[in-house]
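The values are calculated or read from the model by the stated rules, or taken from the named source; none is laboratory data. Source: prediction; values computed, not measured. Every residue, glycine as well, gets a Cβ built from its backbone with ideal geometry; the counts of neighbours run over all protein chains shown. With ligands, DNA and RNA removed, areas are computed over all heavy atoms of the protein, side chains included. Shrake-Rupley method; radii C 1.70, N 1.55, O 1.52, S 1.80 Å.
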Amino acid sequence: MREVAVVGFAQRQMEEFDGSPTCVELLVPLFAECYEQTGWSRRDIGFWCSGSSDYLAGRSFSFVQAVDAIGVIPPVNESHVEMDAAWALYEAWLKIQTGEVDTALVYGFGKSSAGVLRRTLSLQLDPYTMTPLWPDTVSLAGLQARAGIDAGLWDERAMAEVANRSLTDAEKNEYAVRKGGSSVEELLARPMYADPLRKHDCAPVTDGAAAMVLAAGDRAREVCDRPAWITGFSHYVDPISMGTRDLTRSPSAARAAAAAGTEGVEVAELHAPFSHQELVLKRELGLADDVVVNPSGGALAGNPMFTGGLIRFGEAAKKVWQGDASRVLGHATSGPALQQNIVCTMEGRN
């Protein structure tokens, strides 16, 4: 296996929708930031891979417009996944493993404000038995949360503790669109939104984009003093039918973690769009009690669709670059109720 590291990362999350920029306007400054971090230009990038959704954009081949942000000359080696850009990162990592390229730039973007997100995401359900009923994302997460409460696996206080910690940690994150913890008691006093979820238990609807740079071996060492070397990368999928799986568990997350290896992880950025899902993931990933979870505030502080997962990987890599941790974990999820999961472990080396 080739040594591959994360050497650049940039993100943008929009607090307001009014006048929200197009995907090209979101991406151009992010690419420029990645170039500045690495000292490279677009000619130094061997492979480009993006993550987005035609359903979210409301038009076919919407990713083609985003390619305009790269530029047309010289022609680029480009690919796309109809997923969170964390899966585009996996494709780019595989591309480097083939030896065809030494560098890659991965990016994702999503404008949730273009429609009603809760309804749009119903299109990822089983098209015969579920989508015709239009069960929305938040309601399905509420069913999952209720199943865990009824099974005695967590309670509303545990969920409020996750939300309070996340929003408090987000105060140090300049990119967070929701921040500011209060107290568990104050959160529990707020009205229900989709029983047993309150609004703070749900990730905010966010427009945004992110970009990440990968490099192999000496190319990584040339541009980064402490690259975040990828040590494990794996993803699995659970059945799409909600009636064929235990919603309080996530076997795909457990299998991905076992394949990637979580031993010695100090910091974990978990893509948990709902507070109770962090509780599920921490158990399924086998994280020790002393692992710092979502110091950035996580998805509860900002969750651009098709970018929120890649941001978790980038926030984890930053902890390595800054010397705050030697071994970290990034996680992303897609689909209803933690149906699909991808796990990446990274480390810093002296």
Exercise for review: Over all directions, average the projected area of the Cα convex hull of the stretch 1-157 and note it in nm².
Suggested key: 13.3
Point to revise | Extension gain (nm, one decimal) between Asp324 and Arg157, 0.36 nm per residue minus Cα-Cα | key: 57.1 nm
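Expected output is a single nm value to one decimal: the length gained when fully extending between Ser113 and Ala258, i.e. 0.36 nm times separation in residues minus the C-alpha distance. What is it?
On the way: separation 145, 0.36 × 145 = 52.20 nm, distance 3.64 nm.
So the chain would gain 48.6 nm between Ser113 and Ala258.
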Practice item. Measure off 7 Å from each Cα along the Cα-to-Cβ vector at Arg221 and Arg146, then give the distance between these two points in nanometres to one decimal. Key: 5.7
**Study point:** Relative contact order %, the stretch 207-279, counting alpha carbon pairs below 8 Å whose residues are six or more apart
**Key:** 24
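Considering all alpha-carbon pairs of the stretch 236-348, what whole percent are spaced by more than 18 angstrom? Working shown, then result.
Working: 2749 of 6328 pairs.
The calculated P(r) of the stretch 236-348 puts 43 percent of pairs beyond 18 Å.
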Point to revise | For the stretch 35-52 versus the stretch 69-119, the gap between their alpha-carbon centres in whole angstrom | key: 11
Point to revise | Sites Asp126 and Asn350, calculated FRET efficiency, Cβ-Cβ separation with R0 41 Å, nearest 0.05 | key: 0.25
Review point. When the helices in the chain are scored as -39500 (n - 2.57) per DSSP H run of 4 or longer and the sum is shared across all residues, what 222 nm value do you end up with, to the nearest 500 deg cm²/dmol?
Key: -9500 deg cm²/dmol
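Please compute one quarter of the surface area of the Cα convex hull for the stretch 189-235 and express it in square nanometres. Numbers along the way, then the final one.
Working: hull surface 27.7 nm².
Computed as one quarter of the Cα hull surface, the answer is 6.9 nm².
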Practice item. Taking every Cα atom in the chain, find the radius of gyration and the maximum pairwise distance Dmax, and write them in Å. Key: 19.1, 58
Exercise for review: Note the angle between two axes, namely the Cα long axis of helix 156-169 and the longest principal axis of the Cα atoms of the chain, as a number of degrees from 0 to 90, rounded to the nearest 10.
Suggested key: 30
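Report for the chain the percent antiparallel among DSSP-assigned beta bridges with both residues inside it, nearest 5. Each step should come with its number before you reach the end.
Values: 39 of 54 bridges.
For the chain, the DSSP antiparallel bridge percentage is about 70.
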Study note, to complete from the structure: Label model pair Val72, Ser139: point-to-point distance (7 angstrom along the Cα→beta-carbon line) in nm is 4.6
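Once you keep just the Cα pairs under 8 angstrom separated by 6 or more residues, what percentage relative contact order results for the chain?
The normalised contact order for the chain reaches 25 percent.
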Exercise for review: Pop the C-beta distance of Phe61 and Asp290 into the FRET formula with R0 = 45 Å and round what comes out to the nearest 0.05.
Suggested key: 0.45
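Pop the C-beta distance of Ser241 and Glu36 into the FRET formula with R0 = 51 Å and round what comes out to the nearest 0.05.
Numbers: r = 46 Å, r/R0 = 0.91.
Efficiency, from the Cβ-Cβ distance: 0.65.
Tell me, what % of the accessible area of the stretch 92-247 is carbon and sulfur with a 1.4 angstrom probe? Please list the in-between numbers first.
Details: 3620 of 6990 Å².
Of the solvent-accessible surface of the stretch 92-247, carbon and sulfur hold 52 percent.
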Practice item. Taking the Cα centre of the stretch 164-305 as origin, work out the dipole magnitude from +1 charges on Lys and Arg Cβ and -1 charges on Asp and Glu Cβ, in debye rounded to 20. Key: 280
**Study point:** Cα centroid of the stretch 143-190 to Cα centroid of the stretch 280-342, whole Å
**Key:** 16
Revision key, fill the gap. Between the modelled labels at Glu171 and Glu16 (7 Å from Cα along Cα→Cβ) the distance in nm is 2.5
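If the viscosity is 0.692 mPa s and the temperature 37 °C, what translational diffusion coefficient in µm²/s does Stokes-Einstein give for the stretch 176-267 when Rh comes from Kirkwood over Cα pairs?
Taking Rh from Cα pairs, D becomes 180 µm²/s.
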